[in-house]
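Structure first, commentary second.
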Amino acid sequence: MTDHIRIEESDRLITVAFNRPDKRNAITQDMYQAMADAVNAYAADDENRALMITADGAGDGAYFTAGNDLQDFAMGPRGENNPPVIQFLHAIKDCPKPLIAAVNGPAIGVGLTLTLHCDLVYAAQSATFSAPFVKLGLVPEAASSLLLPEAIGMAAAMDVFMTGRTLTSEEALRMGLVSRVFDDGEFHSQARELAQVVANAAPNAMRHAKALVRDRNAQITDRMEAESVHFANQLQSQEFGESVAAMMAKRPAVYP
C-alpha cells in the first residue's frame, strides 16, 4: 500500500519500520493503514512471536517519527467510520502478543504515545520523547492521558503535556518510559538481539504474562474514545488553526 513502511519477517520476528526519512518519518494515513494491517496480521498468525516498530538510522538527524503528517490529514479522513489511525491504535491496544518499540531518534506526538502500548521500549542514546499536543492546540491521544501519568508520574506527565517538554533517552529511562538505552552505533543490533530473545520465548507463557500485566483493555478503550472527541473538536478549533499558522510562519502563537 505504501513504500513508506518497510515490513520484514525473519526468525519469527516481524520488523515494521518507518521509511520516510525525507519527511522525518511523518505518518500519513496510508502508513497507518499499512501498520494496522501488519499488526492485525501478526496478532492472528501462529508463526511470528514478536513485532518490533522502528526506523532506520540513529543519531545524525535520524528520526523515529515526527508525528502525524498534518498536510496529509488536512486532505480529509479516509475510512469515514474507521479511519486508519484508529485502526492502528486499536491494533496495538488489542494485540495479545509482544510488541516492541525500538526508538532510534526523536519520537514526537504519536511517536511517544504508541510506545505506551508496547511491552518493551528500547531507545538509542540520541532518542528523545515529546508530546506537544497542547502547543498545537490539541489534546493527548492514544490513551496517553491515562498511560503516560502511570508510566512516569503525574507531575512529569503534565510537564510533558502542558509545556511541551522534551525528554532525553536517559530521562525517559530514569522515569520508566523506556526499558533500556543503547549507544547509537550499537542500537539496532542490540534492539534486534533482545527482540529475538522475545521471539524465541515460550509463546503461550508470553501471551499470558502480557495479559496479566495489561488487563485493563476496557478502561484504555474508554479513555481513547473520550480523548478522540476532544481531539476532533480541537482539530476544528481556532486554537489549532492559529497553532499551525504560527508554526508555518515561525512565530509565537497568539490565542484570544
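In region 63-80, the residue that is modelled with the highest pLDDT out of those that are open to solvent by less than 80 Å² (accessible area, probe 1.4 Å) and in a helix (DSSP H, G or I) is ASP72. Of everything in region 97-118 that's farther than 13 Å from THR168 by Cα and over 12 Å from the mean Cα position of the chain (by Cα), which residue is surrounded by the fewest Cβ atoms within 10 Å (Cβ to Cβ)? Once the filter is applied, the top-ranked residue is LYS97. Only residues that are crowded, with 20+ Cβ neighbours inside 10 Å and either touching a strand residue (DSSP E or B) at 6+ places or on another chain (Cβ under 6 Å) or assigned to a loop (DSSP other than H, G, I, E, B) (or both) were counted across region 18-33, and they come to 8. On the stretch given as region 181-195, residues that are exposed (fewer than 14 other Cβ atoms within 10 Å of the Cβ) and either within 17 Å of the chain's Cα centre (by Cα) or assigned to a helix (DSSP H, G or I) (or both) total 4. Here region 41-62 is the region considered, the condition is being part of a loop (DSSP other than H, G, I, E, B) and small (Gly, Ala, Ser), and the residue that is modelled with the highest pLDDT is ALA62.
Checking the stated criteria, VAL178 turns out not to satisfy the condition of being hydrophobic (A, V, I, L, M, F, W, C), open to solvent by 70 Å² or more (accessible area, probe 1.4 Å) and modelled with pLDDT of 95 or more. If you filter region 81-96 down to residues that are in a helix (DSSP H, G or I) and in contact with a strand residue (DSSP E or B) (Cβ under 8 Å, 6 or more places away or on another chain), you find that the one that is most open to solvent (accessible area, probe 1.4 Å) is VAL85.
When region 99-153 is filtered for residues that are of a type outside the set (Val, Ile, Thr), assigned to a loop (DSSP other than H, G, I, E, B) and either within 30 Å of VAL254 (Cβ to Cβ) or modelled with pLDDT under 95 (or both), the ones remaining, listed by number, are PRO106, GLY109, ALA131, PRO132, PHE133, GLY137, LEU138, PRO140, GLU141, ALA142.
The C-beta contact set for region 169-183 (first residue among the aromatic types (Phe, Trp, Tyr), second residue buried (at least 16 other Cβ atoms within 10 Å of the Cβ) and outside any helix (DSSP H, G or I), distance under 8 angstrom, 6+ apart or interchain) comprises PHE182/TYR122; PHE182/ALA123; PHE182/ALA124; PHE182/GLN125. ALA124 passes every criterion in (1) farther than 27 Å from GLU225 by Cβ; (2) surrounded by fewer than 22 Cβ atoms within 10 Å (Cβ to Cβ); (3) in contact with a Ser or Thr (Cβ under 7 Å, 6 or more places away or on another chain) apart from (2).
The values are calculated or read from the model by the stated rules, or taken from the named source; none is laboratory data. Treat the numbers as computed from the prediction; the structure is a model and nothing was measured. A quick note on method: Cβ atoms are made from the backbone with ideal geometry, for glycine too, and the neighbour counts reach across all protein chains shown. Side chains are part of the model used for accessible areas, which takes the heavy atoms of the whole protein and leaves out ligands, DNA and RNA. Shrake-Rupley method; radii C 1.70, N 1.55, O 1.52, S 1.80 Å.
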